[in-house]
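Asks: The structure is given below, and queries will be raised subsequently.
The values are calculated or read from the model by the stated rules, or taken from the named source; none is laboratory data. Bear in mind the structure is a predicted one, so any value in this text is a computation, not a measurement. Note that we place each Cβ from the backbone using ideal geometry, even for glycine, and neighbour counts take in every protein chain shown.
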Amino acid sequence: MTTAAARPEPSSTRWAAVGLIVGAGIVAALQVGKAPIAAPLLEGDLGISLAALGWLTGVFALIGLVGGIPTGALVGSLGARRVLVAGLLVTAAGAAAGALSAGLAMLMVSRIVEGAGFLLIIVAAPSLLGRVSRLGDRDLAFALWSCFMPLGLAAAMLVGPMFDDWRAMWWASGGLALALCLLVPLVVPASRERHAWSWRRLRDDTAAVFGNAGAVGLAVSLALYSLMFFALFSFLPVLLMEQMGVSHRTAGLLSALASAVNVIGNLAAGVMLSRGVSRPALLIGACLIMGAASLGIFLPLLPATATFLLCVLFSAVGGLIPATILSSAPIVASSTALVPVVIGLVVQGSNLGQILGPIAVGSAIDRFGWSSAAVIVAGAALMAVAVVAAFAHRIAVPNAERGGGAR
């Protein structure tokens, strides 16, 4: 085995590599967003029901929920760049298989393949950022990375309607993944920090990460954030149509706008962290604002325009959370070798919240009305504050400075 306790820090940041890594994430997120935007085309061509269309998107979250930690261990074994290249290849192959699908069964199989590629990318890519960015730029690099999901989904919403044929959309998305796959080896340096794969090591690494209160705290915090975010944005078009009386198309555009401003928080987190703002303070403050905003959004207290502006605030401030959590993964990891596994656990937490949020809020709204959603989201915000307060000391100071493993 060959993983050192620490690796030399880069003397400068390779911004081209950072940009390409973020681009890989955006292309991965594009695969998630293309199915919802192509829904009318899929219904018309293949006769797919709305329930089946939901599974075409939801399968990504299920794969991430169960595969995060094993994928992190795979990154440690094969190297992050190899796994990133493999993820882009798998994504391109899945998109091509989807474009050739004649029915729902084959399309679902292709979405599972794309989902596997998506998971490989989003675990491997942030693991590479520490190797291509110097310490002073790392928080900004992670902030840029955390923009990948809203940018990819927004790109799908904007570009998708330009296609009259969903198969052409699938070919185009696969072509983008393949193009980035060819660029990665030319721009991103290879990792020498690899070790032989073994099931025993996977078990030991999993036990080590679950025994790390900081890593578990990050995962639970991101799970609660995802629960809050998707609890609102899964139903925002319906809420806007009922509250503001807008058309379905306008509700979709307003929802896309509110979702896209999440990027503002992502980038702001990088700037503030690089200037020494406390990580726990950012997380706690953002959770409290999201919780308070949810009361104005879901309770019948404000006029329609004010409700929408609160949705924008909810999204923008919420963007502080994933950027801060992802950049904290190298801090809480007890060694450099465990950073990908910690990221895998955080990814699993994110996907858990993505699944639970819509289910919990949808069921509550059906039974008790919109006001019940406020209780769930505000309650999740308070739980997140408590979790962050419990492990705040673990992300306030880098692990290396506490005598632990390397950042």
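Asks: From the list Gly265, Gly291, which one is surrounded by 21 or more Cβ atoms within 10 Å (Cβ to Cβ), more than 21 Å from Ala364 (Cα to Cα) and touching a residue at least 40 places away in the same chain (Cβ under 8 Å)?
Replies: Values: Gly291 fails: more than 21 Å from Ala364 (Cα to Cα).
Being surrounded by 21 or more Cβ atoms within 10 Å (Cβ to Cβ), more than 21 Å from Ala364 (Cα to Cα) and touching a residue at least 40 places away in the same chain (Cβ under 8 Å) holds for just one of Gly265, Gly291, which is Gly265.
Asks: Same structure again: Filter segment 315-346 down to residues that are crowded, with 24+ Cβ neighbours inside 10 Å and not in a helix (DSSP H, G or I), then give me how many there are.
Replies: Total satisfying the criteria: 2.
Asks: Does Ala213 satisfy the condition of being touching a helix residue (DSSP H, G or I) at 6+ places or on another chain (Cβ under 9 Å), assigned by TED's automatic domain parsing to the domain that holds Asn266 and surrounded by fewer than 23 Cβ atoms within 10 Å (Cβ to Cβ)? Explain how you work it out, then say what you get.
Replies: Values: touching a helix residue (DSSP H, G or I) at 6+ places or on another chain (Cβ under 9 Å): yes; assigned by TED's automatic domain parsing to the domain that holds Asn266: yes; surrounded by fewer than 23 Cβ atoms within 10 Å (Cβ to Cβ): yes.
Yes: the conditions hold for Ala213.
Asks: Continuing with the same structure: I need every pair where a residue in segment 34-58 that is more than 17 Å from Ala99 (Cβ to Cβ) has its Cβ under 7 Å from the Cβ of a residue that is part of a helix (DSSP H, G or I) and of a type in the set (S, T, N, Q), sequence separation at least 6 or different chains.
Replies: Note: pairs meeting the criteria are Pro36/Thr57.
Asks: Determine whether segment 141-158 contains at least one residue that is surrounded by fewer than 17 Cβ atoms within 10 Å (Cβ to Cβ), touching a residue at least 24 places away in the same chain (Cβ under 8 Å) and closer than 28 Å to Leu46 by Cα. Quick ask: steps written out before the conclusion?
Replies: Here is the first cut: in segment 141-158, the residues surrounded by fewer than 17 Cβ atoms within 10 Å (Cβ to Cβ) are 158.
Add one more test, that the residue is touching a residue at least 24 places away in the same chain (Cβ under 8 Å), and what stays is 158.
So of that shortlist, the ones also closer than 28 Å to Leu46 by Cα come out as 158.
Yes: segment 141-158 contains one or more residues that are surrounded by fewer than 17 Cβ atoms within 10 Å (Cβ to Cβ), touching a residue at least 24 places away in the same chain (Cβ under 8 Å) and closer than 28 Å to Leu46 by Cα.
Asks: How about segment 101-137: which of its residues are more than 22 Å from Thr71 (Cβ to Cβ) and either within 22 Å of the chain's Cα centre (by Cα) or part of a helix (DSSP H, G or I) (or both)? Spell out how you get there, then give the answer.
Replies: Narrowing segment 101-137 to residues more than 22 Å from Thr71 (Cβ to Cβ): 101-107, 134-137.
Scanning segment 101-137 gives Leu104, Ala105, Met106, Leu107, Leu135, Gly136, Asp137.
Asks: If you don't mind, another one. Among what's in segment 188-245 and is among the β-branched types (Val, Ile, Thr) and assigned to a helix (DSSP H, G or I), pick the residue that is modelled with the highest pLDDT.
Replies: Of all residues in segment 188-245, those among the β-branched types (Val, Ile, Thr) come to 188, 206, 209, 216, 220, 238.
Going one step further and asking which of them are assigned to a helix (DSSP H, G or I), we end up with 206, 209, 216, 220, 238.
Working: Thr206: 81, Val209: 87, Val216: 92, Val220: 95, Val238: 77.
Ranking the qualifying residues of segment 188-245, first place goes to Val220.
Asks: Right, next: Which of the residues spanning segment 80-119 are surrounded by fewer than 24 Cβ atoms within 10 Å (Cβ to Cβ) and within 19 Å of Val346 (Cα to Cα)?
Replies: The answer is Ala116, and nothing else.
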